[in-house]
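**Q** To start, I am sharing the structure in question, which I have written as structure tokens.
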Amino acid sequence: MQKTTVAVVGAGHAGIEAALASARMGVDTILFTMSLESIGNMPCNPSIGGTAKGHLVYEIDALGGEMGRAADAVTLQSRTLNLGKGAAVHSKRVQADRKRYHIYMKSVLEKTANLRLIQAEITDVLTEGNAVCGVRTALGEEYACRSVIIAAGTYLESRIFVGNASQDSGPDGFLPSKGLSASLSSLGIKLMRFKTGTPARINRRSVDFSVLELQPGEADPLPYATSTPENYMEGAEQIPCHILYTNAETHGIIRENLTRSAMYGGHIHGTGPRYCPSIEDKVVRFADKERHQLFLEPLGKDTEELYLQGFSTSMPTDVQQKMLKSLPGMQNAEIMRYAYAIEYDCCDPTQLTATLEFRDIKGLYGAGQFNGTSGYEEAAGQGLLAGINAALAAKGEEALTLPRSGSYIGTLVDDLITKGTNEPYRMMTSRSEYRLLLRQDNADARLTPIGHRVGLIGEERFAAFKTKQLHIENEIERLSATHVSPERANGYLLEWGSTALQTGASLADLLRRPGITYAALAVLDRNRPALTRSEMQSVEVQIKYEGYISRQTGEVLRQIKLESRMLPSTLDYSAIKGLRIEAAQKLAKQRPATVGQASRISGVSPADISVLLIYLGLH
């Protein structure tokens, strides 16, 4: 029997981050994948980031993960979403070169010390008592290990559907995983059946772009990764995307053929994603809408394949052809890969702890779509946390948990383990009650000290981080202490559409005014220090939102009191007088670690929490 310390099953976005984190923390690690060609695959949208997802990528980089660096390296186009709204919801999104992303990640994995990359299908997780002791491959090889991270994506007993036709298959024609679901079920793990889908791929030469709306990238975007130069896109040609819309003819074709859709024909039983539905689902659910927006996006520099975002379907191939040709610019469209829906097994995430370890099986972790989520970014964030904790366990060090008040990764994990999910979970800024504190611009301030503590952020990078934070702090103090007179400022203020000063004011006071930016204030601030663009961004946001940030910080401090009240793992909830039966049953099942976690479990009321607090105060 061969040996390792941490075995990671699956080399998608979760598995990559898990394996890299474990290996970089000095722990012997093996990453198993059913195909070396599927590493870092993007079977759905070839992009990284988006609303809330961009926040996750910044957090992954701040902790020492790889996704941000990879996305920067293969960017085809970059845009920041929601710029018309507040800084809390500004979200970076890049169109990524799908093939180059795979090549980049495969190369990084191959060159990482303490990491072996093996093409093999894992069919069994081996245990002794209630603890992991190894894995077995389809060829009968066994590997002894202390921890196993399941990052199987959408491969577990996966089946694709196109109309009435279906076959056992993983995404993009890769083989499905057979046997591992049964092994996990035999260990007492509750599995669920979810589904997702993807649109057809179209040959660029067959599209009439003259009737489509151009969507260019933004000029001079900031990168995801702190190690990427801020001018990383300078001189680079960004490949544009295009916008188009469905129409009455499209909707008519869909309605006429609904019974031929795998989903509406009763062939699919798994639950699909609410926030990324198929086009037939959109037409049915939003029958009053005359059109739906679609995005035509490139898959790479060296391919003519285009991705039609928003047009996912499980219709048969002849209907897909008709639907596509009803769209503007698509009358002669050539389909290179047909759309399909895919069903797969995943776990009920309420079986996990905040470390992503299964509560009843020591050393077994779950990450990514296996935990019931959707999205590359959600997967990568979970993989990073699971990999860190598997490595910490191997080193005999205290596990890492991320509070929901400190990161979107923490919010994601807390939602999964306390509330569970009955559909593929997608991160959104609205899921966090602390979103003004969890911005893209301060991800490093929130999480880089943690990445350094666990060993994923080196000394040189940590020193640069501390220098950056000092620059930001000093500049905020300087702007607050630097005053200008009405005579100097009023001409500019009126030009900017702001009211005139009656008395002197600090530069910080002026920056708090709507429409006035840090860059604009340069004309009144000739002696300002040289700052990087990311430093200037943080200075501006922190000053503009100072009052709101202070208020949310106070809310976090109040919540910390609940999070610090630990609940014994052996607590007999049925014996607590005054606790409702439903609450006692759910608390006994999910075993929250803290009162804060207990307060977020569905079916546990504020009155139940009061009973718990009184009980803890008496005992």
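The values are calculated or read from the model by the stated rules, or taken from the named source; none is laboratory data. Note that this is a predicted model, so its numbers are computed, not measured. Cβ placement follows ideal geometry from the backbone for every residue including glycine, while neighbour counts extend to all protein chains displayed. When the accessible area is computed, the model is the full protein with side chains, heavy atoms only, and any ligands, DNA or RNA have been set aside. Shrake-Rupley method; radii C 1.70, N 1.55, O 1.52, S 1.80 Å.
**Q** Tell me the relative contact order for the range 34-120 as a rounded percent, counting alpha carbon contacts under 8 Å between residues six or more apart.
**A** In percent, rounded to a whole number, it is 38.
**Q** Still on this structure: Run through the DSSP bridge list for the chain and note the antiparallel percent, rounded to the nearest 5.
**A** Details: 54 of 76 bridges.
Percent antiparallel among DSSP bridges in the chain is about 70.
**Q** Report, to the nearest whole %, how much of the accessible area of the chain belongs to carbon and sulfur atoms, 1.4 Å probe, protein only.
**A** 52 percent
**Q** On a straight-distance basis, which lysines could pair with Lys395 in a cross-link, Cα separation under 21 angstrom, same-chain partners fewer than 8 positions away excluded?
**A** Partners found: Lys3, Lys362.
**Q** Summing -39500 (n - 2.57) over the DSSP H runs of n ≥ 4 in the chain and dividing by its residue number, what mean residue ellipticity at 222 nm do you reach, to the nearest 500 deg cm²/dmol?
**A** -10500 deg cm²/dmol
**Q** For Lys111, list the aspartates and glutamates whose Cα falls under 18 Å from its own Cα; do not include residues on the same chain fewer than 8 positions away.
**A** Glu17, Asp28, Glu37, Glu66
**Q** For a test of the definition: using alpha carbon positions, the gyration tensor, and the 1.5 limit on a/c, classify the range 466-619 as rounded, prolate or oblate.
**A** Verdict is prolate for the range 466-619.
**Q** Here is a follow-up. Can you give the convex hull volume per residue for the Cα atoms of the range 164-299, as a whole number of Å³?
**A** Each residue corresponds to 213 Å³ of Cα convex hull volume.
**Q** In whole percent, what relative contact order does the chain give with Cα contacts below 8 Å and a gap of six or more residues?
**A** The normalised contact order for the chain reaches 17 percent.
**Q** In the range 111-197, which GluC sites (Glu not before Pro) fall in coil by DSSP and have 14 or fewer other Cβ atoms within 10 Å?
**A** The qualifying sites are Glu141.
**Q** Additional query: So which GluC sites (Glu not before Pro) in the range 370-412 pass both tests, a DSSP loop state and at most 13 other Cβ atoms within 10 Å of the Cβ?
**A** Sparse-neighbourhood loop GluC sites (Glu not before Pro): Glu398.
**Q** Quick one: plug the Kirkwood hydrodynamic radius of the chain (C-alpha pairs) into Stokes-Einstein at 20 °C, 1.002 mPa s, and report D in µm²/s.
**A** It diffuses with D of about 82 µm²/s by this estimate.
**Q** Let me ask something additional. Along the principal axes of its C-alpha atoms, what lengths does the range 253-357 span, in descending order and rounded to whole Å?
**A** 51, 38, 24
**Q** Just name one of Ser430, Thr250, Gly179: the one whose Cα is farthest towards the positive end of the charge dipole of the chain (beta-carbon charges, Lys/Arg +1, Asp/Glu -1).
**A** Sorting the options by dipole projection puts first Ser430.
**Q** Arrange the residues His242, His483, His471 by how much accessible surface each exposes, largest first, with a 1.4 angstrom probe. Provide the component values of the computation, followed by the final result.
**A** Values: His242 20, His483 120, His471 75 Å².
Result of the area sort, largest leading: His483, His471, His242.
**Q** Could you grab the relative contact order for the range 142-275? Cα pairs under 8 Å, six or more apart, rounded to a whole percent.
**A** 25 percent
**Q** With the cut-off at 30 Å, tell me which of the pairs Lys178/Lys322; Lys92/Lys561; Lys53/Lys195; Lys195/Lys589; Lys289/Lys322; Lys468/Lys544 have Cα atoms farther apart than that.
**A** Working: Lys178/Lys322 35 Å; Lys92/Lys561 34 Å; Lys53/Lys195 20 Å; Lys195/Lys589 26 Å; Lys289/Lys322 20 Å; Lys468/Lys544 19 Å.
Check vs 30 Å cut-off fails for Lys178/Lys322; Lys92/Lys561.
**Q** Which whole-angstrom value gives the distance between the alpha carbon centres of the range 244-267 and the range 9-81?
**A** So the two Cα centres are separated by 34 Å.
**Q** Now a separate question. Between Ala505 and residues 5 or more places away or on another chain, which pairs have amide H atoms under 5 Å apart, with H built 1.01 Å from N, and which residues are they?
**A** Val484
**Q** For the range 355-456, divide the Cα radius of gyration by the Kirkwood radius and give the resulting Rg/Rh value with two decimals.
**A** Result: Rg/Rh = 0.95.
**Q** Give the calculated FRET efficiency between Ser574 and Asp360 to the nearest 0.05, with a Förster radius of 25 Å applied to their Cβ-Cβ distance.
**A** The calculated FRET efficiency here is 0.85.
**Q** Also: Can you list the lysines whose alpha carbon sits under 21 Å from that of Lys586, skipping same-chain ones fewer than 8 residues off?
**A** Counting by Cα, and skipping residues close in sequence, Lys586 has these lysines nearby: Lys190, Lys419, Lys577.
**Q** A follow-up question, please. Under a Cβ-only charge scheme (Lys and Arg +1, Asp and Glu -1), can you give me the dipole magnitude of the chain about the Cα centre, in debye to the nearest 20?
**A** 1000 debye
**Q** With a point put 7 Å past each Cα toward its Cβ, work out how far Ser550 is from Ala522 in nm, to one decimal.
**A** Spacing of the two 7 Å Cα→Cβ label points: 3.0 nm.
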